[in-house]
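Here the structure comes first, spelled out in structure tokens, and everything after it is commentary.
The values are calculated or read from the model by the stated rules, or taken from the named source; none is laboratory data. Note that the structure is a prediction, hence the values are computed from the model and not measured. Every residue, glycine among them, receives a Cβ derived from its backbone with ideal geometry; neighbour counts consider all protein chains shown.
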Amino acid sequence: MRIAACIGIMACGLAWAGSDLSACGDKYNRIGRVTPFGKYVALHRAAILIYAPKNSAPSRTDLTSVLKKAGHYPLVVVDAPALSAAMASGKYDLVLAGLPDAKLLAAGMGQSSASPGIVPVLIKPTKAEIDAALALSSCLLDLSAHKNEALEEIDHRMELRLNPRPAGVTR
């Protein structure tokens with residue numbers, strides 16, 4: 001009987017020691033990771049410009065609400081004049097655009113540290129589209145995957161923007 005009681009007390013002690021003891025809801029707002037309820041909190045909050053003309057990959061998803069829930073500051077523009085005006089303001093960290101638009105944006109922008117990072121947005125991409133997107137940027141958003149994967153990619157891109165790595169170094 002004593003042995004069973006000792007084993008029971010030890011089991012309770014081990015279960016208690018291994019549990020998450022964060023207080024007041026902190027365990028539900030872990031930074032830069034997914035909580036038990038599926039909420040992702042951005043590690044690097046970013047001002048994100050989403051170029052979503054009709055029938056583009058970003059226009060076919062609910063990207064704005066996902067970004068807002070994670071803590072980012074998205075703005076959607078749907079035409080070239082609005083895009084030019086937003087880009088001229090210079091207050092965006094990242095520009096999300098479908099692959100064809102991302103190629104045009106990259107060709108029109110320099111690679112200075114002041115220019116926002118371009119991240120191609122794809123839905124159910126082919127191997128050729130993935131290769132083209134990775135030739136354009138070190139990160140891409142595949143919106144056919146889980147939304148948290150896209151948010152992790154944005155955090156990774158922001159980390160690269162804030163802490164550039166030497167040439168030849170990958171993730």
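Structural remarks
- Contact annotation: no residue pair with Cβ atoms under 9 Å, 6 or more positions apart or on different chains, pairs a residue in segment 147-158 that is without any contact (Cβ under 8 Å) to a residue 40 or more places away in the chain and under 15 Å from residue 39 (Cβ atoms) with a partner that is buried (at least 21 other Cβ atoms within 10 Å of the Cβ) and among the basic types (Lys, Arg).
- Of all residues in segment 40-61, those being outside any loop (DSSP other than H, G, I, E, B) and either under 11 Å from residue 95 (Cβ atoms) or in contact (Cβ under 8 Å) with a residue 40 or more places away in the chain (or both) number 8.
- Summed over segment 65-99, residues that are assigned to a helix (DSSP H, G or I) and either buried (at least 17 other Cβ atoms within 10 Å of the Cβ) or in contact (Cβ under 8 Å) with a residue 40 or more places away in the chain (or both) total 7.
- Test result for residue 36, part of a loop (DSSP other than H, G, I, E, B) and modelled with pLDDT of 90 or more: no
- Residue satisfying all of: in segment 109-130; more than 21 Å from residue 158 (Cα to Cα) and loosely packed, with under 11 Cβ neighbours inside 10 Å; nearest to the chain's Cα centre (by Cα) among these: 124
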